[in-house]
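These notes are about the structure you will find just below.
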Amino acid sequence: MSYEKASAAAEFIRSKYSGEIKTAIVLGSGLGAFADAVEGAVKIPYEEIPGFARSTVVGHAGQLVLGTIDGVAVAVQQGRFHFYEGYDMEQVMLPVRSFGLLGVKNLILTNAAGSLNSDMMPGSLMLISDHLNCLGVNPLRGPNDERFGPRFPDMSEVYDREFQEIALEEANNIARERHDKGRDAELTDFIHRGIYCALSGPTYETPAEIRMYRQLGADAVGMSTVPEAIAARHMGMRSLGISCITNLAAGMEEGVIDHSHVMETGARVAEVFNELLRRIVIRIGK
Ligand code: HPA
């Protein structure tokens, strides 16, 4: 059933855009502006794509943008589906699975996340080196369809190491170039690498929970990305995960955590974030 759904979505996307899509990019909360950089953009609202759910969250536009970045064909998801919205995991994984069936080889997953590491401050970025699935469920639970991948997929390298190296290199290039132009102030310590812990949400965490997740080895917490990364690994796609650190996690600073702050920080880093994404897309697409 889910294979047929993903095929129907893929076919529909193909009918709107015939280019050979190299890389798909999922834009997280407050990070949607990257889609504006797509050239020759064909925009498809999610409600038109068979099987796609709707984006219900502020900061998620809810459309697929197809086109090119410096000649590299991309599919950009401006807004994603989260488990906390009440969608089942099949719906959450559907876009990535349809990209896989379209022949997309590379996936870039972005998100907003809270930091558990006081070296990793709001406004900085974290390349995801690995994850902790604390969603309470594995998205692949249920009958396995071998056309997607094996029953017991290996998870020893969910986030492609070479992609991480490329991302790190480009982030450092951007920092150096901006430093040379005298614009380094906001770019000290802006790129990190760490473990992303996915939680179901929709509540933010308690301070006690944050202490527990830190003990478990988490560097950042968020409410997305892991189901899509697992779906991609299942299908043999290569993934890169980038968290935009929007706040320190619960209990680490005075005050409350609020979605509007998450959005504000996303907007603040957009310029550097979008430039980094652009360079990564070009490097891994060539
Ligand atoms: N916790 C969970 N998800 C988040 C956070 C957080 O602190 N910040 C942004 N997304």
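Stretched out fully, how many nm does the piece from LYS181 to LEU216 gain, at 0.36 nm a residue minus the Cα gap?
8.5 nm
Contour minus end-to-end for SER200 and MET121, with contour as 0.36 nm per residue of separation and end-to-end as the Cα-Cα distance? If you can, show how the numbers build up before the last one.
Working: separation 79, 0.36 × 79 = 28.44 nm, distance 2.30 nm.
That works out to 26.1 nm of additional length.
Using Cα-Cα distances under 8 Å and only pairs 6 or more residues apart, what relative contact order does the chain have, in percent?
27 percent
Could you identify which residue out of GLU228, GLU20, GLU146 has the top mean-square fluctuation in a GNM of the chain using Cα springs shorter than 10 Å?
In this elastic network of the chain, the residue with the biggest mean-square fluctuation among GLU228, GLU20, GLU146 is GLU146.
Counting only other residues whose beta carbon sits under 9 Å from that of ALA73, what net charge do I get with K and R as +1, D and E as -1? Provide the component values of the computation, followed by the final result.
Numbers: positive: LYS22; negative: GLU20.
Combined, the nearby Lys, Arg, Asp and Glu give 0.
Most mobile of MET121, MET223, MET155 per a Gaussian network model of the chain (Cα springs, under 10 Å)?
MET155
Go ahead and set up a Gaussian network model of the chain, Cα springs under 10 Å, then flag whichever of THR23, THR246, THR203 fluctuates most.
THR203
Tell me the net charge near ILE128. Cut-off is 11 Å between Cβ atoms, ILE128 excluded, with +1 for each Lys or Arg and -1 for each Asp or Glu. Walk me through the numbers before you get to the answer.
Details: positive: ARG193; negative: ASP130, ASP160, ASP219.
Surrounding charge for ILE128 is -2.
How far is the Cα center of the stretch 84-121 from the Cα center of the stretch 191-220, in Å?
Measuring centre to centre over Cα atoms gives 16 Å.
Give me the net charge of GLU90's neighbourhood, meaning all other residues with Cβ under 10 Å from the Cβ of GLU90; Lys, Arg count +1, Asp, Glu -1.
+1
Lysine pairs in the chain with Cα distance under 20 Å, only those 8 or more apart or on different chains: how many are there?
8
Dividing the convex hull volume of the Cα atoms of the chain by its residue count, what figure in Å³ per residue is obtained?
118 Å³
Taken together, the values in this text are just the output of simple stated rules run on the coordinates, not laboratory data. Note that the structure is predicted; figures quoted are calculated from it, not measured. Every residue, glycine as well, gets a Cβ built from its backbone with ideal geometry; the counts of neighbours run over all protein chains shown.
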